[in-house]
Each structure stands twice: as C-alpha cells, then as structure tokens.
Ligand SMILES: C[S@@+](CC[C@H](N)C(=O)[O-])C[C@H]1O[C@@H](n2cnc3c(N)ncnc32)[C@H](O)[C@@H]1O
C-alpha cells in the first residue's frame, strides 16, 4: 500500500525518503514540513491564544530528535501526544514509530487543525480537543492503556487545578512500565508529576528557542 501523507504520491515528489517511507509506504516531504511553514502556523495560533500556545517558535530538530529517538518511542505500540501544535514533534514520532503502532494526538488550539490534517498517516488520529478529557477520548475509542505519553502542554502557564488533572489523566492512561515525556520551559510539571511518578530524569536541549527541559518518568 502506498499512502501519501501530504496528498501526493511518492513518485510526484523528490521528497527525502526516510525509514518511515520504507516501513509503511508513507513518505515525508521535507518542503511541507519546513521550519518556515510550521513557524507561520505557530505565529497565527499564538496571536489568538498566546498563553495556551506558549511559544512563537516551533520545536527544533534537536528537540524533536531528543524526544522521538528514545527506545520507548521506537518500541511502543501505542502513543498519545498532548499538544502537537504545528506537528513537528508528531512527524518525529511517526518517523520513528513501529509500522503497527498507533498515535492519538490531542490539540486544544483549533487553528492547528489545518496543518495537522495534512498528516495523513493511517497510524495517526488527531483530536481537536482539551487534554483534560483524555480519559474520556480513550474510553470512546476503546483505547487501552498506552506505552508512551508525550506532552508539550505548557504546565507553567495553565491553572494548577487543570495541570494536576491532566497529569493525573496521563498517569492513569499509561500502563505499568510506560513513559511520560514532557518538554517544558519551567519546572512546574515536576511538582505535579512527582507525587504520582516519583523523581524525573531531566535533560536540557539548548539547541531550541528557547532552550527547553525534557522531563521523563517511567510508571512503576
Ligand atoms: C509548545 S506547543 C507544542 C509544540 C509542538 N509540538 C511542536 O512540535 O512545535 C504546546 C501546545 O500545547 C497545546 N495545548 C495547550 N493546552 C492544551 C490542552 N489543555 N489540551 C491540548 N493541547 C493543549 C497548545 O495549543 C500548543 O499547540
């Protein structure tokens, strides 16, 4: 089966082919994914929802690689992404995920619907919705507990009651041994997640605007 995630067949384009292409017959067209295209999309969304979007610059390649190159992502059968935004991290996950894995991406800002709808991959489901309802969406889809949750939600700029509810839902959505990854400007997520998951591992990605911390926890 040959599936074009951007509405063109691989033969139409001199797209850069990736392992993603060879595994499931999809391909990634680097021009559609250009940093400039994602930047324009983020800027438009930020104008209307500055606190919610929380950044004017999309994730850098280094940040995307830091998240998606992890063994837990490559081995996962089911992944949830909270806050895919303009889709940079989403593409990173799709590129490394197993051909038989699934990704549910939940994005609150409707302005990202158009760019995310271009990611036509049979493994991906995009929901324009609020992550506070994560467990309901999983139940509606009869989705069992997942292996990995990746979140870009800015936990430092949302009310603490909402942040606690989302992190509690993340905890309940993961199966034992599952991994929660949160890329953040500030440390607030630590105080919400520590009572549930224990202390985090944390790496700083300097090559991103602004430099971000990538927190991770394994559910015991
Ligand atoms: C840092 S940005 C994501 C960056 C993006 N993943 C990238 O690769 O460039 C954070 C995203 O979280 C989304 N967001 C904020 N609160 C949310 C919520 N309660 N539920 C779902 N998404 C939310 C924002 O709309 C924004 O797109």
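The values are calculated or read from the model by the stated rules, or taken from the named source; none is laboratory data. Predicted, not measured: the structure shown is a model, and the values here were computed from it. Reconstructed Cβ throughout: ideal geometry from the backbone, glycine too, with neighbour counts over all protein chains shown.
Look at residue 118 and say whether it is more than 12 Å from the ligand (Cβ to nearest atom), surrounded by fewer than 23 Cβ atoms within 10 Å (Cβ to Cβ) and over 23 Å from residue 176 (Cβ atoms).
Yes; evaluated as a whole, the condition is true for this residue.
What helices (runs of 4 or more DSSP H), lying completely within the range 130-214, carry at least 1 residues that are over 22 Å from residue 78 (Cα atoms)?
In the range 130-214, the matching helices (runs of 4 or more DSSP H) lie at 160-173, 188-197.
Among (1) surrounded by fewer than 19 Cβ atoms within 10 Å (Cβ to Cβ); (2) in contact with a strand residue (DSSP E or B) (Cβ under 8 Å, 6 or more places away or on another chain); (3) within 25 Å of residue 171 (Cα to Cα); (4) without any contact (Cβ under 8 Å) to a residue 40 or more places away in the chain, which single condition is residue 100 missing?
It is condition (2) that residue 100 fails.
Identify all residues within the range 28-84 that are within 12 Å of the ligand (Cβ to nearest atom), under 19 Å from residue 129 (Cβ atoms) and modelled with pLDDT of 95 or more; write none if there are none.
Result: 80, 81, 82, 83, 84.
For the structure I just gave you, tell me whether residue 206 is out of contact with any strand residue (DSSP E or B) (no Cβ under 8 Å at 6 or more places or on another chain) and either under 21 Å from residue 53 (Cα atoms) or modelled with pLDDT of 95 or more (or both). Steps first, please.
Working: out of contact with any strand residue (DSSP E or B) (no Cβ under 8 Å at 6 or more places or on another chain): yes; either under 21 Å from residue 53 (Cα atoms) or modelled with pLDDT of 95 or more (or both): yes.
Yes, satisfied.
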